[in-house]
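S.K.: Submitted below is the structure of interest, expressed as structure tokens.
The values are calculated or read from the model by the stated rules, or taken from the named source; none is laboratory data. For clarity, every value in this text was computed on a predicted model and none was experimentally measured. Please note: Cβ atoms are built from the backbone with ideal geometry, for glycine as well, and neighbour counts cover all protein chains shown. Side chains included, ligands, DNA and RNA excluded: accessible areas come from the protein's heavy atoms. Shrake-Rupley method; radii C 1.70, N 1.55, O 1.52, S 1.80 Å.
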Amino acid sequence: MIDILILGVLRNGPVHGYELKRRVQRPTLRPLSNNSLYPLLRRFEERGAVTKQVETTEGRPARKTYAITAAGHALFHELITTLSADEAGQDEEFLLRVGFFDEMTLAERLAVLSARDAALEEQLAQATQLLASVQDPAGWRARSMGHLLDRLGRDRAFVAELVEVAGRDSDAR
């Protein structure tokens, strides 16, 4: 997920490392640390997805500026359109990709939505099974499982709504 966020920021033009760290906005609002950012940038450089340029100014420390390459744009597109079964079950991973739906084809959007719906269906089945095994239907565990079932149902309704909107957007083009 952080890969997508970093490449997403770099698509807007070259950025200094500190500025990149500041501009990466995670849906969880947890800040990105240097210990996460710089190893990822090195890995992107090794893959040819990002270039680094060192700027020197007299009397100041050297600053590194990072820019995305054509390979980086391709990698970004691959990352936003690919959603594994594990990632599809994670709210943050899914919502991040929805934020980039404008950059996907209808088929790519529908694949992401299908993966999410399958993950939610599996979670609903597990939660339903757990709720059925609860001894006290008025107890705290039953309440928490009921809340989870309700939330998962609303999430599936949201996915169905996005499928409908994606189809309308496709028809309008």
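S.K.: Sort out which residues of region 117-150 are open to solvent by 70 Å² or more (accessible area, probe 1.4 Å) and either part of a helix (DSSP H, G or I) or of a type in the set (Ser, Thr, Tyr) (or both), and write them in order of number.
M.R.: Glu121, Glu122, Gln126, Thr128, Gln129, Leu130, Ala132, Trp140, Arg141, Arg143, His147, Asp150
S.K.: Ok, one more. Can Arg11 be described as among the charged types (D, E, K, R) and in contact (Cβ under 8 Å) with a residue 60 or more places away in the chain?
M.R.: On the way: among the charged types (D, E, K, R): yes; in contact (Cβ under 8 Å) with a residue 60 or more places away in the chain: yes.
The answer is yes for Arg11.
S.K.: If you don't mind, there's one more thing I want to ask. Being assigned to a helix (DSSP H, G or I), buried (at least 18 other Cβ atoms within 10 Å of the Cβ) and either among the aliphatic types (A, V, I, L, M) or out of contact with any Gly (no Cβ under 9 Å at 6 or more places or on another chain) (or both) is the filter here, so list the residues in region 102-116 that pass it.
M.R.: Here is the first cut: in region 102-116, the residues assigned to a helix (DSSP H, G or I) are 102-103, 106-116.
Subset that is buried (at least 18 other Cβ atoms within 10 Å of the Cβ): 108-109, 112-113, 115-116.
Within region 102-116, Glu108, Arg109, Val112, Leu113, Ala115 meet the criteria.
S.K.: Moving on to the next point. Which members of region 58-89 meet the condition of being out of contact with any strand residue (DSSP E or B) (no Cβ under 6 Å at 6 or more places or on another chain) and open to solvent by 80 Å² or more (accessible area, probe 1.4 Å)?
M.R.: Listed by number, the residues that qualify are Glu58, Gly59, Arg60, Pro61, Ala70, His73, Glu78, Ala85, Asp86.
S.K.: Can you name the number of the only condition in (1) open to solvent by 40 Å² or more (accessible area, probe 1.4 Å); (2) at pLDDT 95 or above that Arg168 fails?
M.R.: Here Arg168 meets the rest and fails (2).
S.K.: With respect to the numbered conditions (1) in a helix (DSSP H, G or I); (2) of a type outside the set (A, V, I, L, M); (3) open to solvent by 80 Å² or more (accessible area, probe 1.4 Å), which one is the sole condition not fulfilled by Gly153?
M.R.: (3)
S.K.: Any idea which residue in region 100-149 is modelled with the lowest pLDDT, counting only those that are under 25 Å from Leu75 (Cα atoms) and polar (S, T, N, Q)?
M.R.: Residue satisfying both the conditions and the ranking: Thr105.
S.K.: Could we say that Pro14 is out of contact with any strand residue (DSSP E or B) (no Cβ under 7 Å at 6 or more places or on another chain) and open to solvent by 40 Å² or more (accessible area, probe 1.4 Å) here?
M.R.: Working: out of contact with any strand residue (DSSP E or B) (no Cβ under 7 Å at 6 or more places or on another chain): no; open to solvent by 40 Å² or more (accessible area, probe 1.4 Å): yes.
In short, no.
S.K.: Taking the residues in region 39-90 that are assigned to a strand (DSSP E or B) and β-branched (Val, Ile, Thr) as candidates, determine which candidate is nearest to Leu7 (Cα to Cα). Before you say what the answer is, go through the steps one by one.
M.R.: From region 39-90, those assigned to a strand (DSSP E or B) are 50-55, 63-68; that's our starting set.
Keeping just the survivors that are β-branched (Val, Ile, Thr) gives 50-51, 54, 65, 68.
Working: Val50: 9, Thr51: 12, Val54: 19, Thr65: 14, Ile68: 7 Å.
The qualifying residue nearest to Leu7 (Cα to Cα) is Ile68.
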